[in-house]
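Inspection log for the structure reproduced underneath, given as structure tokens.
The values are calculated or read from the model by the stated rules, or taken from the named source; none is laboratory data. Predicted model only: the values in this text are computed from it and were never measured. Glycine also receives a Cβ, built like all others from the backbone with ideal geometry; neighbour counts cover every protein chain displayed.
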């Protein structure tokens with residue numbers, strides 16, 4: 001039997017049951033999406049699971065395989081690389 005945790009760490013779902021009464025079901029909260037550290041947009045290619053589920057994923061499923069993958073979005077990375085290339089030319 002599964003233990004029901006009635007705590008504020010779980011979200012409450014109000015369910016109308018056949019006896020015409022409302023019962024409260026408790027479910028785990030979904031984590032928020034990872035965000036870019038520069039612009040704050042949600043990152044693509046990163047899963048938003050709880051930590052115990054992320055540990056079970058392979059390395060390639062956890063983050064994109066590029067430099068700063070999982071930390072900076074592709075748009076900010078592109079801008080940063082262009083700025084760096086221009087600074088090397090001068």
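List of remarks:
To keep it simple, each residue is scored yes or no on (1) assigned to a loop (DSSP other than H, G, I, E, B); (2) over 29 Å from residue 71 (Cβ atoms).
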| position | (1), (2) |
| --- | --- |
| 5 | yes, yes |
| 8 | yes, yes |
| 11 | no, no |
| 19 | yes, yes |
| 24 | no, yes |
| 30 | yes, no |
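- Verdict on residue 19 being within 16 Å of the chain's Cα centre (by Cα), at pLDDT 90 or above and surrounded by fewer than 10 Cβ atoms within 10 Å (Cβ to Cβ): no
- Residues in segment 49-65 that are assigned to a loop (DSSP other than H, G, I, E, B) and either within 24 Å of residue 80 (Cβ to Cβ) or modelled with pLDDT of 90 or more (or both): 56, 57, 58, 63, 64, 65.
- Out of 39, 76, one residue alone is part of a loop (DSSP other than H, G, I, E, B) and surrounded by 10 or more Cβ atoms within 10 Å (Cβ to Cβ). It is 39.
- The C-beta contact set for segment 69-81 (first residue more than 16 Å from residue 33 (Cβ to Cβ), second residue at pLDDT 95 or above and not in a loop (DSSP other than H, G, I, E, B), distance under 6 angstrom, 6+ apart or interchain) is empty.
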